[in-house]
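The next block holds one structure in the form of structure tokens; read it before the comments.
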Amino acid sequence: MYARLAFIAAIAALTSLGGSDAPAQAPQTPAAPLPAGQTNDPFPQPIAGDEGAITVRLREFAAIPDIDGEAARLMTLVEAPATRRLFVSDMRGLLYALSADGRAAAAYLDLRDPKWAVSVQSTGRERGMQSFTFHPQFTQAGTPGYGKFYTYTDVSNQNPAPDFTTPSPTSTHDTVLHEWTAKNPNAAAYDGGAPREMIRLRQPFANHNGGMIAFNATARPGSADFGLLYIGVADGGSGGDPMNLAQNLGSAFGKFFRIDPLGRNSRNGKYGVPTANPFVTTKDALPEIFAYGVRNSQGFGWDSKTGAMVMSDIGQNIVEEVSPVTAGANLGWNVWEGSYRYVSRQAVIMEAPRSDPKMTYPIAEWGQLDPVLLPNNSSAAVGAIVYRSTTVPQLKDRLLFGDMPSGELFHVSADNLPKGGQDPIRRVLFLTAEGAPPRPLLAIIQEKNRAQGKTAAIRADMRFYTNTAGQIFLLNKADGMVRLIER
Ligand SMILES: [Ca+2]
Ligand SMILES: [Ca+2]
């Protein structure tokens with residue numbers, strides 16, 4: 001046991017946090033003894049390798065072009081409402097429309113075009129177009145949401161003044177929510193005018209910028225949640241949330257927002273704040289906040305059977321998590337990292353896990369040092385899909401989430417949700433050819449890279465999304481391929 005601890009302590013000292021392009025940190029002394037009661041490995045039993053693994057087929061669905069010789073940084077895939085039409089984004093600012101069979105990918109909107117004056121900032125690993133989504137009325141003529149879609153983008157232009165800022169005296173860039181209005185939502189390319197700026201966040205650090213934006217797909221027209229936009233706002237960056245923003249209800253950072261993009265009662269008059277939001281009457285709290293204590297969520301979704309919301313959040317250096325989200329929930333960061341009290345980059349506190357009844361703790365969580373994530377030596381939670389479809393019957397009634405740099409896709413029961421820990425976590429492995437063994441995504445990307453004459457990737461940077469037909473698409477930033485999971 002001591003040998004493993006020493007080994008992983010050395011690994012921890014050598015590696016930075018998984019999803020980050022944070023400034024380089026000073027090297028830490030390898031294997032320095034941790035204070036009593038602290039651990040860098042709260043889950044000493046590794047994630048099961050093949051036991052309980054679900055095997056599905058994975059095939060190439062669409063090829064997205066390189067930009068300047070570099071593979072597309074595929075980030076978000078969304079089905080336009082009531083059309084079965086798929087759109088996929090390259091983080092550098094390209095939005096593509098895919099044909100139904102995936103064979104054709106045509107540029108729909110280029111946010112880099114100077115005529116839009118968006119000034120996409122996409123340097124480093126974490127900046128660029130974070131997410132996009134369509135208003136649920138996008139294709140319904142005569143409704144207020146007709147033709148409207150939203151992009152959430154890091155920008156270098158820092159005018160006008162931000163709606164939300166931090167105490168930091170310096171900033172790296174802004175993150176902006178834009179509304180676009182297509183004249184004809186079925187047109188091959190965007191045919192509307194310049195975007196309407198809705199929210200501008202001034203970023204203190206280059207990392208931890210977005211997250212995802214999405215409407216609750218389980219909300220039917222006329223229901224309270226219909227047409228409300230959920231927005232992930234990461235903790236601003238650096239590491240450890242140095243300004244303690246995530247627990248501060250007066251700060252936008254480290255939150256999930258819920259807004260009405262068609263309303264106008266917000267402080268800046270550019271969107272609506274639902275009266276049902278949990279903190280609208282709380283003194284000094286931002287009324288946009290739906291939940292708080294978020295570090296850097298890179299995916300959330302809803303269970304079509306129960307309506308429950310679930311999200312994944314990237315941990316600091318020790319614990320990755322998947323957690324339930326309810327109105328007003330405190331998801332823990334930066335007091336808790338997963339089920340454990342956060343103390344530093346080196347360790348969490350072992351004593352009294354999950355012991356604050358005011359906190360919402362993970363459904364599932366895993367250690368960044370788990371052997372299944374090697375040789376990548378870094379870890380970052382991504383995605384959350386409650387899969388209720390029979391399209392891929394092996395995955396029905398499973399909660400799917402993943403680890404982004406390693407490209408591992410995981411599952412737990414969606415009907416008997418675990419109460420934390422990594423023991424319930426099992427893998428999803430992919431068959432790509434007859435006779436080949438089931439593999440995780442990274443090995444498949446590496447094979448593709450070799451066929452492309454490129455250096456094999458060491459990170460998958462996986463994202464995954466589903467559509468109304470229950471198809472599940474896997475994206476990555478290394479080989480330009482959109483892949484489709486099949487039974
Ligand atoms: Ca940031
Ligand atoms: Ca948490």
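The values are calculated or read from the model by the stated rules, or taken from the named source; none is laboratory data. Predicted, not measured: the structure shown is a model, and the values here were computed from it. As a convention, Cβ positions derive from the backbone with ideal geometry for all residues, glycine included, and neighbour counts pool all protein chains shown. Accessible surface is based on the protein model in full, side chains and every heavy atom, while ligands, DNA and RNA are left aside. Shrake-Rupley method; radii C 1.70, N 1.55, O 1.52, S 1.80 Å.
How much area per residue is accessible in the stretch 27-115 when the probe is 1.4 Å and only protein heavy atoms are counted (Å²)? Walk me through the numbers before you get to the answer.
On the way: 4250 Å² over 89 residues.
Per residue, the stretch 27-115 has an accessible area of 48 Å².
Starting from the eigenvalues of the Cα gyration tensor, five times each then square-rooted, give me the equivalent ellipsoid semi-axes of the chain, largest first, whole Å. Display every interim value, and only then the final one.
Values: eigenvalues 203, 150, 96 Å².
So the three semi-axes of the chain are 32, 27, 22 Å.
Give, rounded to the nearest 20 debye, the magnitude of the charge dipole that the stretch 201-296 has about its Cα centre when Lys and Arg contribute +1 at Cβ and Asp and Glu contribute -1 at Cβ. Don't skip to the answer; put the middle values down first.
Values: 9 positive and 6 negative charges, 40 e Å.
Value, rounded to 20: 200 debye.
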### Task
Please state the charge dipole magnitude for the chain, taken about the Cα centre, from unit charges on C-beta atoms (+1 on K and R, -1 on D and E), reported in debye and rounded to the nearest 20.
720 debye
### Message
Take the residue pairs Lys305/Lys396; Lys358/Lys419; Lys115/Lys477; Lys255/Lys358; Lys115/Lys270; Lys148/Lys255 and return only those whose Cα atoms are more than 19 Å apart.
### Response
Lys115/Lys477; Lys115/Lys270; Lys148/Lys255
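If I compute solvent accessible area with a 1.4 Å probe over the protein chains, what percent of it on the chain is carbon and sulfur? Intermediate values should be presented prior to the final figure.
On the way: 9910 of 18380 Å².
C and S fraction of accessible area: 54 percent.
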### Message
Loop-only trypsin sites (Lys or Arg not before Pro) in the stretch 145-201, please: DSSP not H, G, I, E or B, and at most 11 other Cβ atoms within 10 Å.
### Response
Lys183
### Query
For labels at Arg220 and Asp101 in the simple 7 Å Cα→Cβ model, what's the distance in nm?
3.7 nm
### Förster radius 45 Å - calculated FRET efficiency between Asp356 and Glu60 (Cβ-Cβ, nearest 0.05)
0.45
### Accessible area expressed per residue, the stretch 263-310, with surrounding protein chains retained (probe 1.4 Å, Å²)
43 Å²
### Protection proxy ranking of 289-301, 73-85, 46-58, 328-340 - average other beta-carbon atoms within 10 Å, highest first
289-301, 328-340, 73-85, 46-58
### the stretch 354-487 shape via C-alpha gyration tensor axes, a/c threshold 1.5
oblate
## Note on the structure
Summing +1 per Lys or Arg and -1 per Asp or Glu among the other residues with Cβ less than 14 Å from Ala161's Cβ gives +1
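I need to check one value: relative contact order of the stretch 412-487, counting alpha carbon pairs closer than 8 Å and at least 6 residues apart, in percent.
Numbers: 82 pairs, mean separation 12.5, N = 76.
The value is 16 percent.
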### Task
Sticking with the crude label model, points 7 Å out along Cα→Cβ, report the distance from Asn157 to Lys419 in nm, one decimal please.
5.2 nm
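Dipole of the stretch 308-390, Cα-centred, from +1 at each Lys and Arg C-beta and -1 at each Asp and Glu C-beta, to the nearest 20 debye?
Here the stretch 308-390 has a charge dipole of around 140 debye.
Give me the accessible area per residue for the stretch 163-204, probe 1.4 Å, as a whole number in Å².
Values: 1550 Å² over 42 residues.
Result: 37 Å² per residue.
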